[in-house]
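One structure is given below, encoded as structure tokens.
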Amino acid sequence: MIFFTPEKIRQDFPFFKHNPGVTYFDNACMTLKPQTVIDALQDYYNHSACAGRSHHQLAENINEKILNARTTIRKFINAHHNEEILFTRNTTEGINLLAQSMQFQPGDEVIITDKEHNSNLVPWIRLQKKKKITLKILPSNKDNTFNFAAYEQLLTEKTKLVALHHRSNLDGVTLPAKKIIQKAHDNNTLVMLDGAQATPSMEINLKELDADFYAFSGHKLCGPTGTGILYGKKEQLEQLEPYNLGGETVTNTTYDHYELKPLPERFEAGLQDYAGILGLAAAINYLKKIGMDTISNHEEKLNKIMTEELKEVITILGPEDHKQRSNILSFTIQNLDIHNIARILSTGEKIMTRSGAHCVHAWFNNHQLPGSIRASIYFYNTEAEAQHFVEAVRNIIKLQ
Amino acid sequence: MVLCWIALPIFALLGIFSAKYRKLTKESLACLFKTITLQRCESGLDQRIRADITAKMMHTPQLAKLFYNHYKIIAFIFIILMLGSAYFSGIGVYNYVAYGNCNGEDSTAFCIFNVFENETPTTNSETPTNCTLPNASISLGGTPP
């Protein structure tokens, strides 16, 4: 871990040089990229060659770097084997890969919560229609925390998969993943976690969590866009039927037959985003230098400032206690339109937040809410920015 | 909705130079069309304009609040002013074309078009219009014959 001062760390991010005065609080959507990641991308293109299928010296060099990147990512989430790390474009693709590749029978049950991102809702709705699976929606507690009693009631012998977010992009609440997984495994049920929001600031230990599948995105942890990972236990991945086939997924073909390659290549069809993968590894190395605990502590500190200063004048989504909402402050203000608030923050104060349903439309429709404003923090945000945000929101409230 | 109407001619003018404003012009037009056909305009453009204008006024909170809460009335006042201005401008242009004076036949009152007309440079037949430089030698380059 390095000595942590966000003001100094910001020097690693060209964004701040090119956008002076901007407060970026849309980190739950995408994080900014440090120079080291940009350099990794550029370095690949400076020395790029056809990797994966060619055997010349340049290709071998890239193959070796990709292998090292896979190892870096495996260590980052503390998985057992490199073969368990599949490169995808993002979390959404990882979940879709699983939904399309798992062998479901009519009547099989899948459990999700009532506040899943569309990426972990729509694929299962489609399976409900196409393969006649039963999709069970687990209601959250009133404060949007995980309802364990309801979860236990929903689990049956027909439950094939529990597919949940690890940390919510709606309100930042982290689920008790280990307990959930233990309960599911006791029921012979597999568990997939959507780790898109958890991986940027949580220490992920999959050996300890024992999740069967874990999907996350690179662009939310300082990595390049278009990069993601689907982790799957080796024995579980071997049970899946790849839905995307072609170059690099097979060892040999005849006109009526193909032989699949071993893991992980059988799931990585076509030429991969090698630049992105190397950039993702660079991002992970960068985060590890800072330290995941340092990141989460800093997020908590800033969220505390914002929550404590504003909780009397805004309506917070999820628990009021900032410690339960990690890096997210999702809120509404009475009598003021959410999109107007976000726009005033952006145009007037250069504070970038997100307004709307945050791809959790089902939850907002169920609660008959138009959406919320979401301010999401990361380690490069400063206390001064948090104070600036508080002042700006207080001024906007005066418009009522 | 009302803000879209006011914005339409401005966006249309700026749209000549910028694709961004052409898109906004289309949005404003769609909004206007929906209003005329008694449908609800849901583009959100008026809200975006409202928020942007409010944001610029935030340094004077009372002014921002006044605009944010009464933007429809303020926009209506501007529409009435715009329509009134367009009406009187139209009459002026008609009079100028018909009588050579924007205030009507036989009027000697001030007319802006006459000012422009009077400023048109006149040519004096005794003064040469070409410019001469006495004793000047101009070299156009190249080697003299």
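Computed from the coordinates by the stated procedures, all read-outs in this text should not be read as laboratory data. Not measured: the values here are computed from a predicted model. Reconstructed Cβ throughout: ideal geometry from the backbone, glycine too, with neighbour counts over all protein chains shown.
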DSSP beta bridges in the protein assembly as shown, what fraction antiparallel, as a percent rounded to 5?
55
Theoretical gain in end-to-end length, A:Asp186 to A:Asn19 [0.36 nm per residue, Cα-Cα removed]:
55.0 nm
Going residue by residue through segment A:299-306, the Karplus relation 6.51 cos²θ - 1.76 cosθ + 1.60 with θ = phi - 60° gives ³J(HN,Hα) values, rounded to whole Hz and with x marking Gly or Pro, of 4, 4, 4, 6, 5, 5, 4, 5
Rough spin-label spacing in nm, given labels placed 7 Å along Cα→Cβ, for B:Ser43 and A:Lys350
3.0
Simple spin-label model, 7 Å along Cα-to-Cβ: B:Ile16 to A:Lys129 in nm?
4.9
Identify, among A:Gly195, A:Ala269, A:Ile351, the residue whose Cα sits farthest towards the positive end of the charge dipole of chain A, taking +1 on the Cβ of Lys and Arg and -1 on the Cβ of Asp and Glu, with the dipole about the Cα centre.
A:Ile351
Along principal axes, Cα extents of segment A:248-370, largest first, whole Å
68, 39, 29
Search the structure for amide H atoms under 5 Å from the amide H of A:His165, placed 1.01 Å from N in the peptide plane, and list their residues when 5 or more places away or on another chain.
A:Thr113, A:Asp194
Each residue of B:55-65 has, on average, a number of other protein chain C-beta atoms within 10 Å of its C-beta equal to 4
Order by protection proxy (mean Cβ within 10 Å, highest first), peptides A:214-225, A:107-118
A:214-225, A:107-118
Would you please put A:85-96, B:78-89, B:98-109, A:128-139 in order of how densely packed they are, using the mean number of other Cβ atoms within 10 angstrom per residue and starting with the highest?
A:85-96, A:128-139, B:98-109, B:78-89
Can you list the aspartates and glutamates whose alpha carbon sits under 17 Å from that of A:Lys304, skipping same-chain ones fewer than 8 residues off?
A:Asp171, A:Asp293, A:Glu312, A:Glu320, A:Asp321, A:Glu383, A:Glu385, A:Glu391
Plugging the Cβ-Cβ distance of A:Ile137 and A:Asp39 into 1/(1 + (r/R0)^6) at R0 = 35 Å yields, to the nearest 0.05, a FRET efficiency of 0.20
For each pair in A:Lys33/A:Lys160; A:Lys33/A:Lys301; A:Lys178/A:Lys301, compute the distance between the two Cα atoms and list the pairs where it is over 31 Å.
A:Lys33/A:Lys160
What dipole magnitude, in Debye to the nearest 20, does chain A give about its Cα centre under +1 on Lys/Arg Cβ and -1 on Asp/Glu Cβ?
460
Can you pick out the pairs among A:Lys142/A:Lys398; A:Lys75/A:Lys183; A:Lys17/A:Lys142 whose Cα atoms lie more than 32 Å from each other?
A:Lys17/A:Lys142
Expressed as a whole number, the average count of other chain Cβ atoms within 10 Å around the Cβ atoms of A:393-400 is 4
I need the calculated FRET efficiency for the pair A:His80 and A:Lys398, taking r as the beta carbon distance and R₀ as 51 Å, to the nearest 0.05.
0.35
Karplus ³J(HN,Hα) for segment A:148-154 (6.51 cos²θ - 1.76 cosθ + 1.60, θ = phi - 60°; Hz, whole; x = Gly/Pro) runs 5, 4, 5, 4, 4, 6, 6
Cross-link partners of B:Lys23 among lysines (Cα-Cα below 20 Å; sequence separation of 8 or more within a chain)
B:Lys34
The Cα radius of gyration of the protein assembly as shown, divided by 2.2 N^0.38 Å with N its residue count, comes to 1.31
Ranked A:Asp12, A:Asp293, A:Asp186, A:Asp43, criterion: other C-beta atoms within 10 Å, fewest first
A:Asp186, A:Asp293, A:Asp43, A:Asp12
Would you calculate the separation in nanometres between label points at B:Ala98 and A:Lys323, each defined as 7 Å from the Cα along the Cα-to-beta-carbon direction?
8.3
On the formula 1/(1 + (r/R0)^6), with r taken between the Cβ atoms of B:His59 and A:Glu7 and R0 of 22 Å, the FRET efficiency rounded to 0.05 is 0.25
